[in-house]
Amino acid sequence: MKNVKTLNRSASLIKRAVGAGCGECQASCQSACKTSCTVANQKCARLTKKTDK
Amino acid sequence: MTSCVHTFKCCGQRVALDVPSGAVHVLSEIAYEILQRIAPPLEPECPTSLRYQLAKYESSDVAEAYGELYALYKEGLLFSEDQEYKMPPTGVVKSMCLHVSHDCNMRCRYCFAGAGGYTRDRKLMSLEVGKKALDFLFEKSGNIHNLEVDMFGGEPLLNFDVVRELVAYGRARERELGKKIAFTITTNGALLDDETIDFINAEFSNVVLSIDGRKEVNDRMRTFVDGSGTYDAILPKFKKLVERRGERDWYVRGTFTRENLDFASDVIALADAGFDQISVEPVVLDESDPLAIRSEDLPRIFKEYERLAREMIRRYREGRPFNFFHFMVDLDDGPCVYKRCKGCGSGSEYVAVTPDGDIFPCHQFVEFMPMKMGNVLDGTFDKDLQKKFAEHGIMTNPVCRECWAKYFCGGGCAANNYKYNGAVNTPYEITCELERKRVECALAIKAAIAQYEEQNSK
């Protein structure tokens, strides 16, 4: 497209809701913050595991 | 639920975020202008009124840009419908902040832990309490395999023997129970030596190293008990730890206050000192404290975040990138939507345990005795309070539900909400404003990098 570049065409939070929510991921405040919010910088434990293999 | 598209300009980029789907679009000037003027449902044909409103552009160019936006709309990547996500509380605890030391060998001026004591007597955790805390975690973790324990304080290395014993105990029990503990530690670095560095690097999956950035800023805030600066003492130790750490996670982490609203210079100073995993965060203090961030500081802080984002883009192009924790975002994968809805999990999946064995919703609630949830020694645990905390999240919060940044933020910090607004579910607006700006910067960085990579690939 000339006027719009989509950075994450394959990603959809809605589609990724199916079968998600296993609870195996890190508690966000344990990573490097301890004083403020942010979840989007966390990793999905299931996807990380797949990548590690 | 409604649809929502957030459009903004940052670091020279025009960006649209389709909130429900998470799709991020980088826009031409015309597409940006069009998005300011349209709302769903969209018609296949470019509206005549739009051509009139944007008469400064060629009519065919407006129609072409509209057509591209319409295609994304049909694809479910623009003006998509938001969903109702409900995840029943599981009742498990999987993550623990273990306060092995309510004492500290530093006297940082902004410390929310009150020089380690959290408004109470200074004390180290006994091995017995620590083991009971780990037992509590194993017992409450249900079917969850991956557990986390952060050795926290005060300064945890003041109680290093107990830390080492607890790691050994945790390792033995995880084998027995078929689970895995990811140990992490947050340290001010003063007591790091070869032995502690090697132990941390062998056993801890993440380590957070506290340092504020520029030497003069660090030494004004982070002092030893005698008031002398800590920078020269800790920097070489942090460098040694990082050099020996290999591929395992680590961050240098600082705090900025009203006294260094030019904190981008502190992040850059840490990068220039050789650290490429950096977190520098706004101070958490009562609004009456002279160091606290005030609402009138926000415009300055926004500019500073943007200055930092521009510098990160520049360094990426120069082949010397670094990570800033609050600008990190994985647009393709990242956490699932349920994680995004429930946030940090404090008080439900995540708790803190003090040297007395008292259980609190998280490390920042420890100063508030009314929020005590139980004790690992007597086996008490307030499941009703746990359930209330489990309900905290963006779907149950009317303010969060309407916020475009909700799936990035996760509903904010319950402790900050409680501290400033007296209720865990009432967002503290200053932190919301900061988070929204950080998300804009993070997406702008992604846009700029994508543009750079595309140009490079041609």
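The values are calculated or read from the model by the stated rules, or taken from the named source; none is laboratory data. These numbers come from a predicted model, not from an experiment. Here the Cβ is made from the backbone with ideal geometry for all residues, glycine too, and neighbour counts use every protein chain on show. Ligands, DNA and RNA are stripped out before the accessible areas are found, and what is left, the full protein with its side chains, is counted by its heavy atoms. Shrake-Rupley method; radii C 1.70, N 1.55, O 1.52, S 1.80 Å.
The table that follows gives values for the structure above.
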{"read-out": "Debye, to nearest 20: dipole size of chain B, +1 on Lys, Arg Cβ, -1 on Asp, Glu Cβ", "value": "200"}
{"read-out": "Relative packing of B:55-64, B:328-337, which averages over residues the other C-beta atoms within 10 Å, highest first", "value": "B:328-337, B:55-64"}
{"read-out": "Trypsin sites (Lys or Arg not before Pro) restricted to DSSP loop in region B:6-42 with at most 12 other C-beta within 10 Å", "value": "B:ARG37"}
{"read-out": "Solvent-accessible area buried by B and A, counting both chains, probe 1.4 angstrom, square angstrom", "value": "5200"}
{"read-out": "Stretchable slack from B:ASP330 to B:TYR52, in nm (0.36 nm times residue separation minus alpha-carbon distance)", "value": "96.2 nm"}
{"read-out": "Sequence-distant residues sharing a close amide H with B:SER141 (under 5 Å, placed H)", "value": "B:VAL93"}
{"read-out": "Net charge contributed by nearby residues that have their C-beta within less than 15 Å of B:ASP82 (K/R +1, D/E -1)", "value": "+2"}
{"read-out": "Loop-located GluC sites (Glu not before Pro) in region B:324-410 whose Cβ has at most 13 other Cβ within 10 Å (DSSP)", "value": "B:GLU402"}
{"read-out": "Charge dipole (debye, nearest 20) of the protein assembly as shown; +1 at Cβ of Lys and Arg, -1 at Cβ of Asp and Glu", "value": "760"}
{"read-out": "Backbone HN-Hα couplings from phi across region B:165-181 [Karplus 6.51/-1.76/1.60, Hz, Gly and Pro as x]", "value": "5, 5, 5, 4, 5, x, 5, 5, 6, 5, 5, 4, 9, x, 10, 9, 9"}
{"read-out": "Occluded residues from region B:397-437, i.e. those whose accessible area drops by 20 Å² or more once the chain is not alone (1.4 Å probe)", "value": "B:PHE408, B:CYS409, B:CYS413, B:GLU435"}
{"read-out": "Shielding score for B:65-74, defined as the mean number of other chain Cβ atoms within 10 Å", "value": "2"}
{"read-out": "Reduced Cα scattering model of region B:82-148, Debye log10 I(q)/I(0), q = 0.12, 0.26 Å⁻¹", "value": "-0.51, -1.07"}
{"read-out": "Shape call, region B:308-448: gyration tensor on alpha carbons, a/c limit 1.5", "value": "prolate"}
{"read-out": "Accessible area, probe 1.4 Å, largest first, for residues B:VAL149, B:VAL424", "value": "B:VAL424, B:VAL149"}
{"read-out": "Under-5 Å amide H pairs with B:VAL280, H placed in peptide plane, nonlocal only", "value": "B:GLY254, B:PHE325, B:HIS326"}
{"read-out": "Rounded accessible area per residue of region B:348-458, 1.4 Å, Å²", "value": "38"}
{"read-out": "Lysine pairs with alpha-carbon atoms under 20 Å apart, region B:53-156, spacing 8 or more or separate chains", "value": "8"}
{"read-out": "Accessible area (Å², 1.4 Å probe, nearest 10) - B:HIS145", "value": "80"}
{"read-out": "Residue-wise HN-Hα coupling along region B:193-204, computed from phi with Karplus coefficients 6.51, -1.76, 1.60 (Hz; x: Gly, Pro)", "value": "9, 4, 5, 5, 4, 5, 5, 4, 5, 7, 10, 9"}
{"read-out": "5 angstrom amide H check on B:VAL100, placed H, neighbours 5+ away", "value": "B:PHE152"}
{"read-out": "Surface accessible to a 1.4 Å probe, per residue, for the residues of region B:188-259, Å²", "value": "41"}
{"read-out": "Among B:GLY319, B:PRO20, B:ALA168 the positive-end extreme of the charge dipole of chain B (Cβ point charges)", "value": "B:ALA168"}
{"read-out": "Within 10 Å of each Cβ in B:137-147, the average number of Cβ atoms from other chains", "value": "2"}
{"read-out": "Percent accessible area from carbon and sulfur atoms, chain B, protein chains only, probe 1.4 Å", "value": "48"}
{"read-out": "Globularity ratio of region B:1-144, using Cα Rg and 2.2 N^0.38 Å", "value": "1.86"}
{"read-out": "In Hz, Karplus ³J(HN,Hα) per residue of region B:60-76 (6.51, -1.76, 1.60; θ = phi - 60°; x = Gly, Pro)", "value": "5, 5, 4, 5, 5, 5, 4, x, 5, 5, 5, 4, 5, 4, 5, 7, x"}
